[in-house]
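Participant: The structure follows.
Every number here is computed from the coordinates shown, using simple stated rules; none is lab data. Predicted, not measured: the structure shown is a model, and the values here were computed from it. Cβ sites come from the backbone with ideal geometry, for glycine too, and all protein chains shown count toward neighbours.
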Amino acid sequence: MTTATKTEAAAYAPSQDVISRAHVDAAAYDEMYAASINDPEGFWAEQAKRIDWIKPFSQVKDVSYEFGNVNINWFADGTLNVAANCVDRHLASRGDQTAIIWEADDPTEKPKHISYKELHGHVCRMANILETLGVRKGDRVVIYLPMIPEAAYAMLACARIGAIHSIVFAGFSPDALSARVNGCDAKVIITADEAPRGGRKTPLKSNADAALLHCKDTVKCLVVKRTGGQTTWIDGRDFDYNEMALEADDYSKPIEMNAEDPLFILYTSGSTGQPKGVVHTTGGYLTYAALTHEITFDYHDGDIYWCTADVGWVTGHSYIVYGPLANGATTLMFEGVPTYPDAGRFWEVCAKHKVNQFYTAPTAIRALMGQGTEFVEKHDLSDLRILGTVGEPINPEAWNWYNDVVGKGKCPIVDTWWQTETGGHLMTPLPGAHALKPGAAMKPFFGVQPVVLDPQSGEEITGNGVEGVLCIKDSWPGQMRTVWGDHERFEKTYFSDYKGYYFTGDGCRRDEDGDYWITGRVDDVINVSGHRMGTAEVESALVAHAAVAEAAVVGYPHEIKGQGIYCYVTLMNDREPSEELRKDLRQWVRTEIGPIASPDVIQWAPGLPKTRSGKIMRRILRKIAENDFGSLGDTSTLADPSVVDDLIQNRAAS
Ligand code: 6R9
């Protein structure tokens, strides 16, 4: 790949307009970035002032990246309450301001505007309900809800009483749900009767019922009424949120939490094994989410901000709920999908609520781009000022369409690179400070020191115009602290391959100008429509089927989803391939994990390419899936090279 077109020549400089409004211009960025690296303690002590502390911290940072002894602490002896920071402290100055705008799946359903004062009442009532159900500080609560305001109330209610929430995306299956409930030993599941999405309804309560069959008898289920759809009910286990809320006291005292007490657990996919529970703590996470929200999106008081993510993903945690609400922002929460009732829905919502900052995923942009410009053009988008993307690399075509058609060439696009593990943005251009290059994450955020390493030697590659694996030197306040219940796995996953660094799992290029481009995962994690998935998870779902002897799963380029799921399946001796079995397997994976893991291609594989020691050579399977047979590389170490010819000949048509 040449870098010539991707240097300064292709950059879009910020306009005077954008610069003069921005919190941070180029000079301020340089100064603040230098300060954050040269004096991290001083820099973060200052930034932490945006949070209200109950007891101030005396120590800013206490971090060790030493393998075997990894330990990350920020503001360790300070105390605070996250819900008080996101709600209570705004009451005096902005009690009547809208905190959350809620837009339903069905555009004819009336949006809700929830003020900070109302939010306070809802959160307190939910906190009291959870306490009635026996939830105490340190207990875990699983949240399995649609994108309704109660999801935010539930998160903040947990934070208020010191319970640790673990949100499970409403698209996950009962099996995935029970695994997570058991994984963190949750006391309560908060769910709803049904989740409307794109005109269809997911039966969340009956999914929870199915999950609960595999959980401890003591787990309780708090049910929010969303559609009023019929549900089965077990007295003593199931509790009606709406009824209890009528009775609940509307004041609950926020509990004093230590800065390093866990705030939430969020399960995410890795390259091996089952999903791991990423643990984020209280003080550092909130400081980082709030700061990045304000600076990256250049959020100003009075702006209307919309992030289209789901609260089931980290983006929803940091940039729908915690960051915006800590900043006293107005944050829009959307229940639906970009294409329902038509491909103009996003833009209709932007126009209706006069959205100023709009943050979405490349996969949504690609899907909408294919529907034509008229869906955008018929809506008034003149209030838009900043556009953002997250979740996967954005291809230049999609970037240009977003820039030209949606932003009319006047809204900077912040391409934010970060991860569930990082809590907030680690690299992104800042609207008033940096030129933009379509597809580049550009610059590190304050306090972030990206390094490019040689994957073989682990040596740091200095200078520009270089490529390698992306690691981060030193810590930032929003960093994950551990894997729930398995600190060893935490150290092994992130700190063992490249000693002394945090290993991101991504590859990256630093171009001739010193700007960063994320090149994608270097491990067995695939990114399907911006959702992270371990190929190992899909493989273990497939081999759990009685007809399957062996399976290997790889990602392949997919026009809309970014990557699709390509499965090679070896059947048991007594089973014959058929279209019916293919359908059955697809359904099987959907049931085991959820619709997001649905295989795009299933190719029957009489044999898989293996080394003599039995290791599947995924490199070859990836090439075949990509239809790239010319560069299979060295196949001489294969136990039986003929299986490759067979796979090529029978490569699935799609
Ligand atoms: C926030 C989020 C993390 C992985 C990450 C990387 C990819 C995210 C990106 C991006 C290129 C961007 N990724 N943002 N790649 N450009 N702007 O998505 O968290 O679900 O944990 O995924 O997503 O590969 O390592 P998560």
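Participant: Please list, in chain and number order, the residues 5+ apart from VAL483 or on another chain whose amide H is under 5 Å from its amide H, with Hs placed from the backbone.
Facilitator: PHE490
Participant: Share of antiparallel DSSP beta bridges in the chain, in percent to the nearest 5?
Facilitator: Details: 60 of 100 bridges.
Antiparallel bridges: around 60 percent, rounded to the nearest 5.
Participant: Enumerate the whole-percent occupancy of each 10 Å bin, from 0 to the last occupied one, for all C-alpha pair distances of region 266-321.
Facilitator: 19, 45, 27, 7, 1
Participant: Is region 578-627 rounded, prolate or oblate when judged by the Cα gyration tensor, a ≥ b ≥ c being the square roots of its eigenvalues, rounded requiring a/c under 1.5 and prolate requiring a/b larger than b/c? Show your work: numbers first, answer last.
Facilitator: On the way: a/c = 2.03, a/b = 1.93, b/c = 1.05.
Cα axes put region 578-627 in the prolate bin.
Participant: Return the loop-located chymotrypsin sites (Phe, Trp or Tyr not before Pro) in region 59-118 (DSSP other than H, G, I, E, B) with at most 15 other Cβ atoms within 10 Å of their own Cβ; answer none if there are none.
Facilitator: Numbers: sites: TYR65, PHE67, TRP74, PHE75, TRP102, TYR116; in loops: TYR65, PHE67, PHE75.
Taking region 59-118 and a limit of 15 other Cβ atoms within 10 Å, the loop chymotrypsin sites (Phe, Trp or Tyr not before Pro) found are PHE67.
Participant: Give me log10 I(q)/I(0) at q = 0.16, 0.17, 0.25 Å⁻¹ for region 105-199, Debye formula, one equal scatterer per alpha-carbon, no solvent.
Facilitator: Log10 of I(q)/I(0), two decimals: -0.70, -0.78, -1.29.
Participant: Here is a follow-up. Nearest 0.05, what FRET efficiency do ASP404 and SER271 give at R0 = 35 Å with Cβ-Cβ as r?
Facilitator: Working: r = 37 Å, r/R0 = 1.06.
According to the calculation, E is roughly 0.40.
Participant: In whole Hz, what ³J(HN,Hα) sequence does region 99-111 give by Karplus (6.51, -1.76, 1.60; θ = phi - 60°), x for Gly and Pro?
Facilitator: Running phi through 6.51 cos²θ - 1.76 cosθ + 1.60 with θ = phi - 60° gives 8, 10, 9, 10, 10, 6, 4, 8, x, 8, 7, 5, x Hz.
Participant: Now, a different point. Kirkwood Rh, Cα Rg: Rg to Rh for region 235-278? Numbers along the way, then the final one.
Facilitator: Working: Rg = 17.6 Å, Rh = 14.9 Å.
With Rh from the inverse mean 1/r over Cα pairs, Rg/Rh is 1.18.
Participant: Taking 22 Å as the cut-off for C-alpha to C-alpha distance, list the pairs among LYS112/LYS187; LYS492/LYS610; LYS216/LYS276; LYS583/LYS615; LYS112/LYS354 that go past it.
Facilitator: Working: LYS112/LYS187 30 Å; LYS492/LYS610 26 Å; LYS216/LYS276 20 Å; LYS583/LYS615 28 Å; LYS112/LYS354 15 Å.
Listed pairs above 22 Å: LYS112/LYS187; LYS492/LYS610; LYS583/LYS615.
Participant: I've got another one for you. What does the charge count near ILE461 come to, summing +1 for each Lys or Arg and -1 for each Asp or Glu among other residues with Cβ under 9 Å from its Cβ? Could you put the intermediate results ahead of the total?
Facilitator: Values: positive: ARG510; negative: ASP454, GLU459, GLU460, GLU467.
Value of the local net charge: -3.
Participant: On alpha-carbon atoms, Rg over Rh for the chain using Kirkwood Rh? Each step should come with its number before you reach the end.
Facilitator: Numbers: Rg = 24.3 Å, Rh = 25.6 Å.
Across the chain, the Cα-based Rg/Rh ratio is 0.95.
Participant: Please give me the summed charge of the neighbours of ILE72: other residues whose Cβ is under 13 Å from its Cβ, Lys and Arg +1, Asp and Glu -1.
Facilitator: With Lys, Arg at +1 and Asp, Glu at -1, the net is -4.
Participant: What are the ³J(HN,Hα) couplings of region 145-156, residue after residue, when phi is run through the Karplus curve with 6.51, -1.76, 1.60 and θ = phi - 60°? Round to Hz, x for glycine and proline.
Facilitator: Running phi through 6.51 cos²θ - 1.76 cosθ + 1.60 with θ = phi - 60° gives 10, x, 7, 10, x, 4, 5, 5, 4, 5, 4, 6 Hz.
Participant: How do THR422, THR268 line up, fewest other C-beta atoms within 10 Å first? Walk me through the numbers on the way to the answer.
Facilitator: Details: THR422 25, THR268 20.
Exposure proxy ranking, most exposed first: THR268, THR422.
Participant: Something else about it: Please report the relative contact order for region 398-465, taking Cα pairs under 8 Å with a sequence separation of at least 6, and give it as a percent rounded to a whole number.
Facilitator: Details: 71 pairs, mean separation 14.4, N = 68.
Reported as a whole number, the value is 21 percent.
Participant: Turning to a different aspect of this structure: For VAL82, what is the net charge nearby, where nearby means another residue's Cβ is under 12 Å from its Cβ and Lys, Arg count +1, Asp, Glu -1? Show your work: numbers first, answer last.
Facilitator: Numbers: positive: ARG89, ARG160; negative: ASP52, ASP88, GLU256, ASP261.
It works out to a net charge of -2.
Participant: Please give the calculated 222 nm ellipticity per residue for the chain, where each DSSP H segment of at least 4 residues contributes -39500 (n - 2.57) and the sum is spread over every residue; nearest 500 deg cm²/dmol?
Facilitator: Values: 21 runs with 185 residues, N = 654.
Using -39500 (n - 2.57) per qualifying helix, the result is -8000 deg cm²/dmol.
Participant: Separate question: Report the Cα-based extents of region 530-601 along its three principal axes, largest first, to the nearest Å.
Facilitator: Result, largest extent first: 37, 19, 18 Å.
Participant: So how far apart, in nm, are the two label points at ALA92 and ALA210 if each is 7 Å from Cα heading toward Cβ?
Facilitator: Here the answer is 5.1 nm between the modelled labels.
Participant: Right, next: Using packing as a proxy for protection, rank 566-578, 381-393 so that the peptide with the highest average count of other Cβ atoms within 10 Å comes first. All intermediate terms of the calculation are to be shown ahead of the outcome.
Facilitator: Working: 566-578: 16.8, 381-393: 21.1.
Ranking the peptides 566-578, 381-393 by packing returns 381-393, 566-578.
Participant: Would you mind ranking LEU470, LEU246, LEU133, LEU542 by Cβ crowding within 10 Å, fewest neighbours first?
Facilitator: LEU246, LEU133, LEU542, LEU470
Participant: Report relative contact order for region 52-103 in percent, whole number only (criteria: Cα-Cα under 8 Å, sequence separation at least 6). Let's see the in-between values first.
Facilitator: Values: 51 pairs, mean separation 17.6, N = 52.
Once normalised by length, the contact order is 34 percent.
Participant: Separate question: Quickly rank 325-332, 89-96 as a protection proxy: mean count of other C-beta atoms within 10 Å, highest first.
Facilitator: Working: 325-332: 24.6, 89-96: 14.2.
In descending order of packing, they fall as 325-332, 89-96.
Participant: Fully extended, how many nm does the chain gain between GLN587 and GLU459 (0.36 nm per residue separation, minus their Cα-Cα distance)?
Facilitator: Values: separation 128, 0.36 × 128 = 46.08 nm, distance 4.50 nm.
Additional length available on full extension: 41.6 nm.
Participant: Taking R0 as 22 Å, what's the FRET efficiency between TRP53 and ASP301 from their Cβ-Cβ distance, rounded to 0.05?
Facilitator: Plugging the Cβ-Cβ distance into 1/(1 + (r/R0)^6) gives 0.50.
Participant: Measure out, as a whole number of angstrom, how far apart the alpha-carbon centroids of region 28-68 and region 344-372 sit.
Facilitator: One Cα centre to the other: 36 Å.
Participant: Within region 593-610, whose backbone N sits under 20 Å from a point 7 Å along Cα→Cβ of GLU576?
Facilitator: 603-607
Participant: Report the equivalent ellipsoid semi-axes for region 385-539 in whole Å, largest first, defined as the square roots of five times the eigenvalues of the gyration tensor built from alpha carbon atoms.
Facilitator: Working: eigenvalues 146, 67, 45 Å².
After scaling each eigenvalue by five and taking roots: 27, 18, 15 Å.
Participant: Now for a separate question. Can you compute log10 of I(q)/I(0) for region 44-153 with the Debye formula, treating each Cα as one identical point scatterer, at q = 0.17, 0.23 Å⁻¹?
Facilitator: Values returned for q = 0.17, 0.23 Å⁻¹ are -1.03, -1.23.
Participant: Dividing the Cα convex hull volume of region 312-418 by residue count, how many Å³ per residue is that? List each step's numbers first, then the result.
Facilitator: Details: hull volume 10.9 nm³, N = 107.
Spelled out: Cα convex hull of region 312-418, divided by residues, is 102 Å³.
Participant: Under a no-solvent Debye model with one identical scatterer per Cα of region 357-432, what's log10 I(q)/I(0) at q = 0.11, 0.18 Å⁻¹?
Facilitator: The computed values of log10 I(q)/I(0) come out as -0.27, -0.71.
Participant: Mean separation of Cα pairs under 8 Å and 6+ residues apart, divided by the residue count of region 294-339: what relative contact order is that in percent? Walk me through the numbers before you get to the answer.
Facilitator: Details: 45 pairs, mean separation 18.7, N = 46.
Worked out over region 294-339, it gives 41 percent.
Participant: Then there is this: What ranking do 173-185, 46-58 get when scored by the average of other Cβ atoms within 10 Å per residue, highest first? Don't skip to the answer; put the middle values down first.
Facilitator: Values: 173-185: 20.9, 46-58: 15.3.
Ranked from most to least packed, the peptides come out as 173-185, 46-58.
Participant: Roughly how large, in nm² to one decimal, is the mean projection of the convex hull of the alpha-carbon atoms in region 260-364?
Facilitator: Working: hull surface 31.5 nm².
Taking a quarter of the hull surface, the average projection is 7.9 nm².
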